Amino acid sequence: MNDFLSTYGHLLVTMVQAGLLGLSLYFPLRAGQLSLASPGFYALGGYIAAIMLTNPAFSGLRDSLGGGIFVLTWLVAAILSGVLGVVVGVPALRLRGIYLALATIAFVEILRVLALNMTITGGAIGIFGIPQAFGLVDWQYIWLFGPLLILTLLFAWQLERSRVGRAFDAIREDELAADAMGVPPTKYKVMAFVIGAVLAGVVGAMSAPFLNTWNAKQGTFDASIATLAFVLIGGSRNMWGPVVGGALLTAVPEVLRFLADWRLVINGLVLVVASLYLPQGIVGALKKLVRPRPLRRPPTPPPASSPPPPPRQPNEVNS
Amino acid sequence: MTATTDSVRPTVLEARDMTRRFGGLVAVNKVSFDVREGEIFGLIGPNGAGKTTLFNLMTGLTPPSSGTLTYKGQTVTGLAPHRVAALGLSRTFQNIRLFRGLSALENVKISQHIRTRAGLWQGVFGTARAEELGVERRAWELLDLVGLSDRAGELAANFSYGDQRRLEIARALATEPRVLLLDEPAAGMNTSEKGQLTSFIREVRDRFDLTVLLIEHHVPLVMGLCDRVAVLNFGELIAIGDPASVQRDPKVIEAYLGGE
Amino acid sequence: MELSQFVQNLMNGLAIGSVYAIFALGYTLVFSILGIINFAHGAVFTLGAYFTYTLVVGQFENNGLLKGINLFPNGSPFAGHALTFGLATLIGAVVAGLVAVLIERLAFKPMRARGADTLMALVSSLGVSLVVINLIQLMVGAEIYNFPSNAYGDVPPALSFHIGDKTVIIRTVQIIIFAVSMVMLAILGYVIGRTRVGKALRAVAENPGTASLLGISVDRFILITFFLSGFLGGLAGTLVGTAFGVAGPYFGVTYGLKGLAVIVLGGLGSIPGAVLGGLVIGLAEAFVPADYSAYKDVVAFALLFVILLVRPQGLLGKSAIQKV
């Protein structure tokens, strides 16, 4: 077991991390919004953690909080990502489809160039020597990312069966009809976007200690598209899609290690072939094999509940 | 100008000089009319007369260039579509805009949005069970009403044209409207379906105590169903009144014959 | 700003802006016909530069599988001759065009045949882009290759003139870039505006279904479009490569990204928009004060973000009225 973990443990953590980033893109997509902003919030979260954990300005706070500082970095990353998500989301989400995607790519690029040029982010070199969270090393980070993944999946599962989840679905299916049926689109589009932003920010804040170092390479255009690939190849209509897609696509280059220099070429081919042959994604393809469960009608309400419309009497002609 | 019995009912909708221009084209031109509580009000006119545009102006999908609509004294124009729905005006679409990738049941559950309250965290922590159960039940009941509850789990896209129109009505009713706006509810239906539709619309009006506005091309259906009819031509209201008198109006005859 | 500085910036901006324009046209042509963004366009740009470099220099001495191979053992037949450099550029662009056609056949056509979500095209073109980039790295390594300084023949490297007591320097390569781009734009404008092929292209772009009813083979025009797109991308790659060196396999990624900003700024699918967008972004970058030159790369995206919020259809795009 220890052998396995020392060989593949790091990869396993990276796979879970990729699944989480995929999920951060999945939430807005669930509401029909093609946002590629996740790497931007991921980078932001990482910088927040890196700065709080290394910058002398926070040394007093670190000394007094001990291990609690890590939890604080997650919270701060979540809050700031959420706030920035609202600030960016409110204007940007008026855009549709590919326009939104391009605006969010622009957002990621702007953050990247800022990070590259600011002093507090360490400029082009970035931030080094970020302390390990709670003394965890390498594969042990599964104890952070694993629970976060489980919580996120539970969140998604519950959300999709709720009033807010239905509003997301309605907007994805037909924004105008959703609006006409009483679902305020802007509110829920921003909500979905912010959920993704907060998740990506927290993942970033957990990743900075995991990687020890943080720099402007952490949030790039390539990462935007790679994250989109996680979701689309895994399946964008089901919460398991981004997890499966993120995990598999992260593992592919490792599995292909025997191909040495050719592995990245083949990795590209895998993306092409997968997008050609799995248009619904892996989970989408698997779902076709499973019969949907028949719907169960809830038992008739006790008389006290909301007044039901009277039953239909077919072919009754009034007046 | 019309049957005296109608004037007893209070006015619920007042349209005043509603106008919409698209570039140089005036799609709806200074249209004013009143709709009384509980009536079935028909909107007819040749193709391109501006009927659907008028519906869009009334439901907030298109902002009017000028003019106002009030519902029981509250201004409707200027509100976003979901606010109009909250006020109690709900509609169907000429080109059917169901949530095609979702089940019939989901379609009807979604439209209860404005009548329910559960927020993000209540949903995630499952603390709105009672409300959720109510939504579920009501959705089934509405599907019963339109006769689609045995196919509740099927995707909306898989339904026939007529069934999709009925599902759209169920979806509109789920918002608990006071005024129901139907945009060509009979389009694509066969003769027997059209016949059932007439009694169905009356039945819905009576049971939910609604006011109904409908755009329709099928003249026999309009004449048999509507209490009053307004005729639009080239964006202007050219006649309004009870079906029989409108049918005799020379301007209406000319609009229909002149267009052909 | 002094007049000399202004003129200098203007010249720099027009030169780079004109390359942005022809590169972005490649994106816009494909978008106008298929409604997809071809993320591999940046990789085609890179390929064009490498193809031309191969024809001019004939060898890659640094690294990779092709290290040590010399196409022209007695020195390059192209280097130092303006005419032959032009020929190499043309061949480089044609090959890039053919690669784009190949990409369409392998990565896009099968997807259309299945009626897949157009979003998937983003993923498959990303895959193609990864394949191309990593193949280049495998073949010739990640080093920067600079064109020989006499690549255009025996011309002075720069022109200089005076405004007052200040000197304005225009590199020869900037003049060539601007001239070639303008000639390309003129030709393209003629082809699209005046010829039968161009009219058919516009018909396909307006509505693929109607076009096939009119007896236009949509498939053939998709091929022509991809060829043109690749040709323009490859040409742009060569032009930038001669100015700044062929900067490794990832050379095209930055331009690929900037090209996106250009087409959105101008209006997705609008051909004059791509030209205008290219020039606007080129000039905006050129006028960034030297103290803030590190933020130059952000200009395009800041402009993109702002324009999307103020005028989502872009400068010259048509706004779509939603049908209810």
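Among the residues of the stretch B:126-144, those with an accessible-area drop of 20 Å² or more from chain alone to full protein complex, heavy atoms and 1.4 Å probe, are B:Glu132, B:Glu136, B:Arg137, B:Arg138, B:Trp140, B:Glu141, B:Asp144. Note on the protein assembly as shown: dipole from Cβ charges, positive end direction compared against B:Gln196, A:Leu34, A:Leu154; the farthest Cα belongs to B:Gln196. Between B:Thr19 and C:Leu65, the distance separating the two model label sites (each 7 Å from Cα on the Cα→Cβ line) works out to 7.2 nm. Build a GNM of chain C with springs between Cα atoms under 10 Å apart, and of C:Gly241, C:Gly198, C:Gly230 the one that fluctuates most is C:Gly198.
If I take every Cα pair under 8 Å that is 6 or more residues apart in chain A, average their sequence separation and divide by the length, what percent do I get for the relative contact order? In percent, rounded to a whole number, it is 32. Put simply, when A:178-187, B:91-100, C:137-146, A:75-84 are sorted by average Cβ atoms within 10 angstrom per residue, most first, you get A:178-187, B:91-100, A:75-84, C:137-146. When the Cα centres of the stretch B:190-260 and the stretch B:116-161 are compared, how far apart do they sit, in Å? Centre-to-centre (Cα) distance: 32 Å. Rolling a 1.4 Å probe across all protein chains gives A:Glu173 an accessible area of roughly 50 Å². Amide H contacts of C:Gly248: C:Tyr145, each under 5 Å away and 5 or more positions distant or on a separate chain (H built 1.01 Å from N in the peptide plane; Pro and chain starts excluded). Summing both sides, the accessible surface hidden between B and A at a 1.4 Å probe radius is close to 4200 Å². The accessible-area loss of the stretch B:35-71 on complex formation, taken against its chain alone with a 1.4 Å probe, reaches 30 Å² or more at B:Leu61. In order along the stretch A:92-100, the Karplus-derived 3J(HN,Hα) couplings, from 6.51 cos²θ - 1.76 cosθ + 1.60 at θ = phi - 60°, round to 5, 6, 6, 7, 10, x, 5, 5, 5 Hz, and Gly and Pro are given as x.
Distances between placed amide hydrogens fall under 5 Å for A:Leu34 paired with A:Gly97, all partners being 5 or more residues away or on another chain. Spherically averaged projected area of the convex hull of Cα atoms, chain A: 23.6 nm².
Each of C:Tyr190 and C:Leu159 was given a label point 7 Å from its Cα along the Cα-to-Cβ line. The distance between the two points is 2.3 nm.
Size of the stretch B:1-143 from its Cα atoms: along the principal axes, largest to smallest, the extents are 54, 41, 26 Å.
Legend: mean number of C-beta atoms from other chains within 10 angstrom of residue C-beta atoms, peptide C:283-295, equals 1.
Mind checking which of B:Gly101, B:Asn158, B:Ser111 is farthest towards the positive end of the stretch B:98-174's charge dipole, using Cβ charges of +1 (Lys, Arg) and -1 (Asp, Glu) about the Cα centre? About the Cα centre, the residue reaching furthest to the positive side is B:Ser111. Report the net charge of residues surrounding C:Ala121, where surrounding means a beta-carbon distance below 15 angstrom and charges are Lys +1, Arg +1, Asp -1, Glu -1. Its environment carries a net charge of +2. Summed over the residues of the stretch A:2-220 and divided among them, the accessible surface reaches 35 Å² per residue at a probe radius of 1.4 Å. Along the axis of the charge dipole computed for the stretch A:188-277 (Cβ charges of +1 for Lys and Arg, -1 for Asp and Glu, origin at the Cα centre), the listed residues A:Met191, A:Ser224, A:Ala205 are led at the positive end by A:Met191.
The portion of the accessible surface of the stretch B:98-174 made up by carbon and sulfur, rounded to a whole percent, is 52 (1.4 Å probe; DNA, RNA and ligands excluded). The charge dipole of the stretch B:11-165, taken about the Cα centre with unit charges on the Cβ atoms of Lys, Arg (+1) and Asp, Glu (-1), comes to about 500 debye, rounded to the nearest 20.
For chain C, the dipole from Cβ point charges (+1 on Lys and Arg, -1 on Asp and Glu) about the Cα centre works out to 1080 debye, to the nearest 20.
When both the stretch C:165-186 and the stretch B:17-94 are represented by their alpha-carbon centers, they are found 58 Å apart.
What FRET efficiency would be calculated for the residue pair B:Thr127, B:Asn190, taking the C-beta separation as r and a Förster radius of 60 Å, to the nearest 0.05?
That pair, B:Thr127 with B:Asn190, gives E of 0.80.
Here the accessible area is traced with a 1.4 Å probe on the protein chains. For the stretch A:2-220, carbon and sulfur cover 69 percent of it. Note on A:Leu5/A:Asp261: beta-carbon distance plugged into 1/(1 + (r/R0)^6) with R0 of 22 Å gives a FRET efficiency of 0.20.
Please average, across the residues of A:262-271, the number of beta carbons from any other chain that are within 10 Å of each residue's own beta carbon, and give a whole number.
Other-chain Cβ atoms within 10 Å of each residue's Cβ, averaged: 6.
The magnitude of the dipole of the protein assembly as shown, with charges of +1 and -1 set on the Cβ of Lys/Arg and Asp/Glu and taken from the Cα centre, is near 820 debye. Per residue, the stretch B:98-174 exposes an accessible area of 36 Å² to a 1.4 Å probe, with every protein chain left in place.
Skip the ligands, DNA and RNA, and give the accessible area per residue of chain C with a 1.4 Å probe, whole Å². Don't skip to the answer; put the middle values down first.
Details: 13820 Å² over 324 residues.
I get 43 Å² per residue for this part.
For B:Glu132, the accessible surface of its heavy atoms amounts to roughly 40 Å² (probe 1.4 Å, protein chains only, rounded to the nearest 10).
Overall, the ratio between the Cα radius of gyration of chain B and 2.2 N^0.38 Å, rounded to two decimals, is 1.03. Roughly speaking, what is the centre-to-centre gap between the stretch A:35-90 and the stretch A:162-215 when only Cα atoms are used, to the nearest Å? First find each Cα centre; the distance between them is then 19 Å. Between A:Val137 and B:Ile253, the simple label model (points 7 Å from Cα in the Cβ direction) yields a spacing of 9.9 nm.
Note on B:Lys194: aspartates and glutamates with a C-alpha under 13 Å away, same-chain residues under 8 apart excluded, are B:Asp163, B:Glu184, B:Glu216. For the protein assembly as shown, dividing the convex hull volume of the Cα atoms by the residue count gives 212 Å³ per residue. Summed over both chains, the area buried between C and A is near 3800 Å², taken from the accessible surface of protein heavy atoms with a 1.4 Å probe.
Accessible area ranking (1.4 Å probe, heavy atoms, ligands and nucleic acids excluded), largest first, for A:Arg30, C:Arg196: C:Arg196, A:Arg30. Taking every residue in B:99-105 and counting other chain Cβ atoms within 10 Å of its Cβ, the average works out to 4. Taking the alpha carbon gyration tensor of the stretch B:126-239, multiplying each eigenvalue by 5 and rooting it gives semi-axes of 29, 17, 13 Å, largest first. When only Cα pairs below 8 angstrom with a gap of at least 6 residues are kept, chain C shows a relative contact order of 35 percent. One equal scatterer on each Cα of chain C, no solvent, Debye formula: the resulting log10 I(q)/I(0) at q = 0.14 Å⁻¹ is -1.13.
The values are calculated or read from the model by the stated rules, or taken from the named source; none is laboratory data. Just so you know, these numbers come straight off a predicted model, no measurement behind them. Neighbour counts run over all protein chains shown; Cβ positions are idealised from the backbone, glycine included. Accessible surface areas use protein heavy atoms only, side chains included; no ligands, DNA or RNA. Shrake-Rupley method; radii C 1.70, N 1.55, O 1.52, S 1.80 Å.
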